[in-house]
Amino acid sequence: MTGKLTLKKDHLTAFLRKLSKEYSLVAPLQNRHGDTLFTEIDDVDSATLDLAKQPQNSIKQFLLPQREVLCTYRCESAEAYAFTPADTALPPTVFFGVRSCDLSGVLYMDVTFLHGTSDSPYRQKRLKSILIGLNCNHPFPNCFCNATKSGPFLEDGADLQFTDIGDCFLVEVGRSQGQAIVEKWRHFFTPAEEQDVHRQYQAFLESRGSFSHIVHVDQVIKRLQGEGVPDAIWHQLSKRCQDCGGCAFICPTCTCFTITDAPLTAESGERIRSWDACTFSGFTKMAGGHNPVVRKTDAIRQRFMHKLCYDVQKHGRPSCVGCGRCVDMCFGGTDILRFINMACAGS
Amino acid sequence: MKRSPLEDYLPRPAQVVEIISENSQIKTFVLRFVDQHDNASFSYQPGQFMMVSLPHCGEAPISFSSTPADKGLIRLSVRRAGTLTTAMHGLTTGAIIGLRGPYGKPFPMEYLAQRDLLFVAGGIGLAPLSSVINSCLANPDYQGHITILYGSRTPEDIAFMGDIALWRQNQSVHCLLTVDSGSAGWQGNTGLVTTLFEQVEINPAQQSGVVCGPPLMIKAVLKALEKRGFSDKDIITTMERHMKCGVGVCRHCHLDGKLVCVDGPVFNLAQLKKLNAMEIS
């Protein structure tokens, strides 16, 4: 006995159909434009599940929505100003097909929102989330999760972890909610044979050997924690950054946000939490105009220092998960791969 | 409180019971929570801050200028600087604002209670320091001597005259004022606040320096205290930054690897020297 299970690919739709009866179900779907995005599934049978391509989004937006109402307020007069909490919960939701990088991203968000503080809007959603991971057999061109140690295969963090081993998935039970699912729908699963586990190991070896980039994440971390990188690198990248925020929005671990009021009428409004980016010129600007960050030279410093130095010091690992999305996104030539290569050049 | 403001970003309504006009730019708002349970359960320490809400204006962090000894009343002194603070200056007594907190690391009050204290402030910077000063004065066990050096731009800009008058009546307090540029009739000191150092007794072995003001002023005073032999841990300041959450997640107040809202806003010079802060570099 291997302690692991298999699920026939032919049975996947039926399994997801069962899950969708009890849970809200989110998975990578191809839309009519050909884009693959994590999407809530209305109807399993008509949805086009796409487990081959890298989803363009991560599941961050479901746990930390791009725009979320934290509370509403009324202000009929100066003496009548009152707040009502908004519903920030999520129905019980299964996230299916979450690749190792994105799953690592959720574990990082847990550290940010649950361990350091206890952020109720996030916690309410995370407690209702079940993560079914998908090990990555074929890294994509800009992937480097091997260098950030967040993939291509994960051994911990998911409720259930799937690996494509040909005509079936090898299924490993992780956390307790995963155990509950396999017990409830036991008829879908068969105990895995030694050869199934061997096929998984082969897939892992092949995946590990097929990354296109060699990215020196350990080296850049060591350098940032030690002598640092020349200011000229920060200045050059800051100058080229186009202030679009795309890297932060697409990133599974960028969780900076802002809180603003959105008036609905003269006498009422919503308090909104929305995504923000540390690279934005106004991010640190204070009332009155003073800005402790000089954008021209340091716009990009916090982004890379946070991911590759401060989080290593604080949590023992970088908060870049190597998904490579920001590399595709950046049109300013200031992406994290370029930074790491510049920082490590000549060492 | 029924809900934890630390967790859900939900402000609690508080009523403005008094407004003190400190100068043309600064007003002190005396506040009380509308809900009596909030008043009963609320506690804070000097150096901490509240996130203040006004209708349609969002939130802004404001330090306490009151002391925990002022039971049931909170004082927040606000300089008119942006949208929210301008709206706040338009309020009248009886108005309701939203408050959540307290947030941030306070001044090391137990340690300061054993020391002579040299307070150096500029402008609105006296607000958080007055919370420390009045806490010490309200503490029957405090045996030290307090020196207060307060700089303003012009004689008309001198704020907190009510507090200053009380401090000047107190035997254990020495309070000196200066202005950057005097006007006709001004008999007092003129010059930067650091010039007042010549007029007071400095004793780094028994004294701690507590500093707040505009970044450039903080920078000059930290240097001056260091030069006069204060140890890095006896040079303490509190910093202002843009903040949205107050609880260490939104990251607007990042300062290298620290966040001013949870690792500060109070820092000593030993801590600041490890950071690339505009107040020292």
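Within 12 Å of another protein chain (Cβ to nearest Cβ), surrounded by 18 or more Cβ atoms within 10 Å (Cβ to Cβ) and not in a strand (DSSP E or B): which single residue out of B:V249, B:V221 fits that description? Even if it seems obvious, please write down each step before you answer.
Details: B:V221 fails: within 12 Å of another protein chain (Cβ to nearest Cβ).
Going through B:V249, B:V221 in turn, just one is within 12 Å of another protein chain (Cβ to nearest Cβ), surrounded by 18 or more Cβ atoms within 10 Å (Cβ to Cβ) and not in a strand (DSSP E or B): B:V249.
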Six or more apart or on different chains, Cβ under 6 Å: which pairs go from a residue in the stretch A:329-347 that's under 17 Å from A:H235 (Cα atoms) to one that's modelled with pLDDT under 95 and among the polar types (S, T, N, Q)? Could you list them? A:G332/A:Q242
Checking the conditions here, which among A:D276, A:D298, A:D243 is in contact (Cβ under 8 Å) with a residue 60 or more places away in the chain and charged (D, E, K, R)? A:D298
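In the list A:S100, A:S77, A:S104, which residue meets the criterion of being more than 11 Å from the chain's Cα centre (by Cα), hydroxyl-bearing (S, T, Y) and farther than 23 Å from A:E22 by Cβ? Outline the logic, then answer.
Working: A:S100 fails: more than 11 Å from the chain's Cα centre (by Cα); A:S104 fails: more than 11 Å from the chain's Cα centre (by Cα).
Selected residue: A:S77, the only one of A:S100, A:S77, A:S104 that is more than 11 Å from the chain's Cα centre (by Cα), hydroxyl-bearing (S, T, Y) and farther than 23 Å from A:E22 by Cβ.
Can A:S176 be described as under 20 Å from A:P152 (Cβ atoms) and surrounded by fewer than 21 Cβ atoms within 10 Å (Cβ to Cβ)?
No; evaluated as a whole, the condition is false for this residue.
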Any pair with Cβ under 9 angstrom, 6 or more apart, that starts in the stretch A:65-91 at a residue that is within 7 Å of chain B (Cβ to nearest Cβ) and modelled with pLDDT of 95 or more and ends at one that is exposed (fewer than 13 other Cβ atoms within 10 Å of the Cβ) and assigned to a loop (DSSP other than H, G, I, E, B): A:C75/A:A266
Residue list for the stretch A:180-201, restricted to those being touching a residue at least 24 places away in the same chain (Cβ under 8 Å), among the aliphatic types (A, V, I, L, M) and farther than 12 Å from A:C168 by Cα: A:I181, A:V182
Per-region count, the stretch A:305-314, residues more than 11 Å from chain B (Cβ to nearest Cβ) and surrounded by fewer than 23 Cβ atoms within 10 Å (Cβ to Cβ): 0
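Restricting to the stretch B:81-111, name every residue that is part of a loop (DSSP other than H, G, I, E, B), touching a residue at least 24 places away in the same chain (Cβ under 8 Å), at the interface with another protein chain (Cβ under 9 Å from one of its Cβ atoms) and not aliphatic (A, V, I, L, M). Can you show your working first?
As a first pass, look at the stretch B:81-111 and keep what is part of a loop (DSSP other than H, G, I, E, B): B:81-82, B:90-95, B:104, B:106-108.
From what is left, the residues that are touching a residue at least 24 places away in the same chain (Cβ under 8 Å) are B:91-95, B:104, B:106-108.
Remaining after also requiring at the interface with another protein chain (Cβ under 9 Å from one of its Cβ atoms): B:91-92, B:94-95.
Listed by number, the residues that qualify are B:T92, B:G94.
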Every residue in the stretch A:253-273 that is of a type in the set (V, I, T), facing another protein chain (nearest Cβ under 9 Å) and in contact with a helix residue (DSSP H, G or I) (Cβ under 7 Å, 6 or more places away or on another chain), please. A:T255
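Taking the stated definitions as given, is B:K244 in contact (Cβ under 8 Å) with a residue 60 or more places away in the chain, within 14 Å of chain A (Cβ to nearest Cβ) and assigned to a loop (DSSP other than H, G, I, E, B)? Full working, then the answer.
Working: in contact (Cβ under 8 Å) with a residue 60 or more places away in the chain: yes; within 14 Å of chain A (Cβ to nearest Cβ): yes; assigned to a loop (DSSP other than H, G, I, E, B): yes.
In short, yes.
Assess whether B:G90 counts as being surrounded by fewer than 19 Cβ atoms within 10 Å (Cβ to Cβ), over 17 Å from the mean Cα position of the chain (by Cα) and modelled with pLDDT under 95.
Numbers: surrounded by fewer than 19 Cβ atoms within 10 Å (Cβ to Cβ): yes; over 17 Å from the mean Cα position of the chain (by Cα): yes; modelled with pLDDT under 95: no.
Judged against the criteria, B:G90 is not a match.
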For a quick check of your reading of the model, give me the residue pairs whose first member lies in the stretch A:216-228 and is free of Cβ contacts under 8 Å to residues at least 40 places away in the same chain, whose second is surrounded by 13 or more Cβ atoms within 10 Å (Cβ to Cβ), with beta-carbon atoms closer than 9 Å and at least 6 apart or on different chains. A:G228/A:C309
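Have a look at B:T194, B:T190 and point out the one that is touching an Asp or Glu at 6+ places or on another chain (Cβ under 8 Å) and more than 28 Å from B:F29 (Cα to Cα).
Details: B:T194 fails: touching an Asp or Glu at 6+ places or on another chain (Cβ under 8 Å).
Result of the check over B:T194, B:T190: B:T190.
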Show the residue pairs that are 6+ apart or on different chains and have beta-carbon atoms under 9 Å apart, the first residue being within the stretch A:302-323 and on the phi > 0 side of the Ramachandran plot, the second being aromatic (F, W, Y) and at pLDDT 95 or above. A:G322/A:F144
Exception for A:L160 within (1) hydrophobic (A, V, I, L, M, F, W, C); (2) in contact with a strand residue (DSSP E or B) (Cβ under 9 Å, 6 or more places away or on another chain); (3) touching a residue at least 40 places away in the same chain (Cβ under 8 Å) falls at (3)
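The values are calculated or read from the model by the stated rules, or taken from the named source; none is laboratory data. The structure displayed is predicted, hence computed values, not measured ones. Using ideal geometry, Cβ is built from the backbone for each residue, glycine included, and neighbour counts are taken over all protein chains shown.
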